[in-house]
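Pasting a structure below so you can have a look.
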Amino acid sequence: MTIESTSPSYAPLLRWIHWTTAILFIIAMLIGLYCGLQSPGTSPRRELLEVHKSLGETLLFLTILRLLVRAVTKAPSMPHDSSAFVRLAAGLNHLVLYGLLVAMPVTGYLFSSAGGYRLKYFGMFDLPRLFAGNQVVAHLGEAVHGVLAWLVYATVAAHIGATFWHAVVKKDDTLARMLPPRSAAGSVNDGS
């Protein structure tokens, strides 16, 4: 069952998940990039990687929640003047982003679990080690995670670039779909 959208914006919960995901994703990405430039086993690399992994697990949870909410809500329409190419590019970019939001934490988990690294969620509890000591899984997880990181940079850059293009060049309502709807008087109305 799909809940119909009567607003030009996404559902409030989806907007909240989107912006929370965006912030956490960029933080995790920057931490990962910084840690990749530091020597293994050094401080603050070790501590930052703990935060990076915890953010990744949080993003995996938010992505699952987002997909569930998205399955029962209807997306607002894209601007009517969007070409078939723009619609296809937007759909592919979102599909790749969703895939990365699942694949990055999973490959990071495989790498850490099999490689014997700590898996403490924000210092509160340990995640189970399903592949402890399996060097094949550890190396595969590390390699795939590293390759996907470059895809993350490209995909996020394309997503942000497209957002600016829609907001600044086209001046259409694409960005407004992810913002709280505005009433006729200009006040914000998020439907609550």
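The values are calculated or read from the model by the stated rules, or taken from the named source; none is laboratory data. Bear in mind that the values here come from a model prediction, so they are computed numbers and not experimental data. Using ideal geometry, Cβ is built from the backbone for each residue, glycine included, and neighbour counts are taken over all protein chains shown. All accessible areas refer to the heavy atoms of the entire protein, side chains included, with ligands and DNA or RNA removed. Shrake-Rupley method; radii C 1.70, N 1.55, O 1.52, S 1.80 Å.
Filter the range 61-80 for residues that are surrounded by 15 or more Cβ atoms within 10 Å (Cβ to Cβ) and in a helix (DSSP H, G or I) and give the result.
Across the range 61-80, the qualifying residues are Leu62, Thr63, Arg66, Val69, Arg70.
Before we move on, is Ser83 loosely packed, with under 15 Cβ neighbours inside 10 Å, in contact with a Pro (Cβ under 9 Å, 6 or more places away or on another chain) and either touching a residue at least 12 places away in the same chain (Cβ under 8 Å) or not hydrophobic (A, V, I, L, M, F, W, C) (or both)?
The answer is no for Ser83.
So which residues in the range 115-148 are of a type in the set (A, V, I, L, M, F, W, C), in contact with a Ser or Thr (Cβ under 7 Å, 6 or more places away or on another chain) and not in a helix (DSSP H, G or I)?
Result: Leu119, Phe122, Leu130, Phe131, Ala132.
Looking at the range 92-106, which of its residues are open to solvent by 40 Å² or more (accessible area, probe 1.4 Å) and within 17 Å of Ile160 (Cα to Cα)?
Correct list: Leu92, His94, Leu95, Val96, Tyr98.
Would you call Val147 open to solvent by 40 Å² or more (accessible area, probe 1.4 Å), more than 26 Å from Pro8 (Cβ to Cβ), under 18 Å from the mean Cα position of the chain (by Cα) and without any contact (Cβ under 8 Å) to a residue 40 or more places away in the chain?
Yes.
Being aliphatic (A, V, I, L, M) and in contact with a strand residue (DSSP E or B) (Cβ under 9 Å, 6 or more places away or on another chain) is true for just one of Val72, Val51. Which residue is that?
One residue alone meets the criteria, Val72.
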